[in-house]
Amino acid sequence: MIKEEIKNLIRQACLKLGFPVEEIALEHPENVEHGDYSTNVALVLAKQLNRNPQKIAEEIRGRILNTKYKILDTSIEKVEVAAPGFINFSLPKEYLLQELLRIVKQKNKYGSGEGNKKIIIEYSSPNIAKAFGIGHLRSTIIGQAIYNLYKFLGYKCIGINYPGDWGTPHGKILYQLYAKKLKGKTAKDQKKILDSLTVEDLEALYVSFHAELNTNPAIEEDAREWFRRLEHNDAQVRGLWKTTREISLQEFKRIYDLLDVRIDYLIGESFFEDKMARIVQLFRDKNLAKESEGALIVPFPNDELPPAMLLKSDGGTTYFTRDLANMQYRVKRWKPDMIIIETGVEQTLHFQQVFLAAKLAGITDNETLKHIAHGLYRNKGGKFSTRKGQTIHLEEVLKDAIERAESIIGASETGRDLSSKEQQEVAKAVGIGGIKYNDLVQHPSGDIVFDWD
Ligand code: ARG
């Protein structure tokens, strides 16, 4: 690819000049006068070396032009320096025309490849007993796009959905479900209640738990106890948990169908429950864990990162412990060249800790683990919080988008010529497509702020 080749020219020139380069940014400038590709590498170096950027740019340009590269004859017309220190590259018309011909010939295969690497991409990963919030929409959309891109490039892709179906929040929901809805009822009535339970009900229980906590802090301990019972395979708690999980998975399926998203594997946090002891033992054996105020923590060399908790003081495992088991499992089962995890930016520290701990314990090489972090969907009022019951339900948003598309189609001349089935199909494609496009057209790391009333 020409872009990579130009980057390579720049890299070679910098190396020869003894400049310390890492990432080379090569952008397509908005203004045509700045050529087809432009790099700010000289500006970055100037800051680092405390030198004049324009001079550095001239040196790099000179070095590139004085070396015999084939692409300088065939695919690059001009290399110019522009103030305050950009280096711009222009491609000849013949090259662009040839490329255009290739696009016409190869159609939507253009750019595809024969990649021979195996990549795990984990995305979506919503939490059970909560409505599929708009917060997990970005992970689903961006993650699926990454998956599709790698697949297009010919890589073997393994898509994993890792829903949050384990951990202390479930103790809260299950305790509250029992205390508020089931306690004192006959088995028959309990069954009736459970049969008609919805994700909204579960979410309301979680919200009410937190509201009640203000006046009755003792329920925190009850919830912990319920989670402990879940961990120890208590039949009653386990049965309730299964029900809440099933209700949630049904809801996720509805959303994925609407979004036309299929993820290869569903392997949630609970899957790793019986693999916890082994991970804890591994960290103990390698002398990587230490006791601290009754808990077991993993400190990092030179305090590079804050310590992470492997076991809580009540002996319970954490999100961190489960992710270590998760990495170990993925590496063993698939031997991937890379594992990519797509989540919100607020989990950045968590993944730094997981990746470094996995490396220290020899579970995997740090290089094969990547976290891609997206910004939040924010209402003008701030982030959505399930605890306060302010989540926006994704299904509502998707249906709203489809309805809006439908009304535009119905009002348009061509739209009215379609059968109502066709209208519905177009509305779905346009509505859902619009939501996906709105996400993918923005940089993943930025927040998406919108006004929802
Ligand atoms: N369920 C988590 C959440 O909603 C996301 C899971 C991210 N992946 C992971 N391997 N921890 O916050």
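The values are calculated or read from the model by the stated rules, or taken from the named source; none is laboratory data. It should be emphasised that the depicted structure is a prediction, and the values quoted were computed from it without experimental measurement. In this analysis, Cβ positions are derived from the backbone assuming ideal geometry, glycine residues included, and neighbour counts consider all displayed protein chains. Ligands, DNA and RNA are stripped out before the accessible areas are found, and what is left, the full protein with its side chains, is counted by its heavy atoms. Shrake-Rupley method; radii C 1.70, N 1.55, O 1.52, S 1.80 Å.
What to note about this one:
- Of all residues in the stretch 230-246, those satisfying the criterion of being out of contact with any Gly (no Cβ under 7 Å at 6 or more places or on another chain) and either open to solvent by less than 30 Å² (accessible area, probe 1.4 Å) or under 17 Å from I267 (Cβ atoms) (or both) are V237, L240, W241, K242, T244, R245, E246.
- Any hit, the stretch 137-152, residues being within 12 Å of the ligand (Cβ to nearest atom) and open to solvent by 20 Å² or more (accessible area, probe 1.4 Å): no
- Scanning the stretch 321-346 for residues that are near the ligand (Cβ under 10 Å from one of its atoms) and surrounded by fewer than 18 Cβ atoms within 10 Å (Cβ to Cβ) yields G344, E346.
- Top-ranked residue in the stretch 262-311 [being within 16 Å of the ligand (Cβ to nearest atom) and of a type in the set (F, W, Y); ranked as surrounded by the fewest Cβ atoms within 10 Å (Cβ to Cβ)]: Y265
Each row is one residue, and each column tells you yes or no for (1) free of Cβ contacts under 8 Å to residues at least 60 places away in the same chain; (2) charged (D, E, K, R).
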{"residue": "P84", "(1), (2)": "yes, no"}
{"residue": "R102", "(1), (2)": "yes, yes"}
{"residue": "K118", "(1), (2)": "no, yes"}
{"residue": "P126", "(1), (2)": "no, no"}
{"residue": "I141", "(1), (2)": "no, no"}
{"residue": "G154", "(1), (2)": "yes, no"}
{"residue": "G164", "(1), (2)": "no, no"}
{"residue": "A179", "(1), (2)": "yes, no"}
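- Among the candidates K93, K105, K109, the residue that is loosely packed, with under 13 Cβ neighbours inside 10 Å and either touching a helix residue (DSSP H, G or I) at 6+ places or on another chain (Cβ under 7 Å) or at pLDDT 95 or above (or both) is uniquely K105.
- Some residue of the stretch 249-263 being under 30 Å from A361 (Cα atoms), under 26 Å from the mean Cα position of the chain (by Cα) and among the polar types (S, T, N, Q): no
- Test for R238: is it at pLDDT below 95 and farther than 27 Å from H393 by Cβ: no
- Condition met for L65 (of a type in the set (A, V, I, L, M), open to solvent by 30 Å² or more (accessible area, probe 1.4 Å), at pLDDT 95 or above and at negative phi): no
- Residue match in the stretch 97-119 (condition: under 23 Å from L15 (Cα atoms) and of a type in the set (A, V, I, L, M, F, W, C)): no
- Against the list (1) open to solvent by 40 Å² or more (accessible area, probe 1.4 Å); (2) modelled with pLDDT under 95; (3) under 21 Å from N326 (Cβ atoms), the condition F252 fails is (1).
- Test set (1) part of a helix (DSSP H, G or I); (2) more than 11 Å from the ligand (Cβ to nearest atom); (3) not hydrophobic (A, V, I, L, M, F, W, C) - K370 fails condition number: (1)
- Pairs, first within 23 Å of D222 (Cβ to Cβ) in the stretch 308-333, second open to solvent by 40 Å² or more (accessible area, probe 1.4 Å) and within 15 Å of the ligand (Cβ to nearest atom), C-beta under 7 Å, six or more apart: T318/M309
- All conditions in (1) at pLDDT 95 or above; (2) open to solvent by less than 90 Å² (accessible area, probe 1.4 Å); (3) more than 16 Å from the ligand (Cβ to nearest atom) hold for K55, with the sole exception of (2).
- On inspection, F300 does not qualify as out of contact with any Gly (no Cβ under 8 Å at 6 or more places or on another chain) and free of Cβ contacts under 8 Å to residues at least 40 places away in the same chain.
- Identification of helices (runs of 4 or more DSSP H) wholly contained in the stretch 156-222 with 2 or more residues that are of a type outside the set (D, E, K, R) and within 15 Å of the ligand (Cβ to nearest atom) yields 168-177, 199-215.
- Yes/no for A401 being assigned to a helix (DSSP H, G or I) and either touching a residue at least 60 places away in the same chain (Cβ under 8 Å) or crowded, with 18+ Cβ neighbours inside 10 Å (or both): yes
- Filtering the stretch 339-363 to residues that are outside any helix (DSSP H, G or I), modelled with pLDDT of 95 or more and touching a strand residue (DSSP E or B) at 6+ places or on another chain (Cβ under 8 Å) leaves I339, I340, I341, E342, T343.
- Here the condition is being away from the ligand (no atom under 16 Å from the Cβ) and either part of a loop (DSSP other than H, G, I, E, B) or among the hydroxyl-bearing types (S, T, Y) (or both); of S112, S125, it holds for S112 alone.
- When the stretch 424-453 is limited to residues that are open to solvent by less than 70 Å² (accessible area, probe 1.4 Å), within 20 Å of the chain's Cα centre (by Cα) and of a type in the set (V, I, T), the one that is nearest to G410 (Cα to Cα) turns out to be I432.
- Of all residues making up the stretch 27-60, the number that are farther than 13 Å from N8 by Cα and in a helix (DSSP H, G or I): 18
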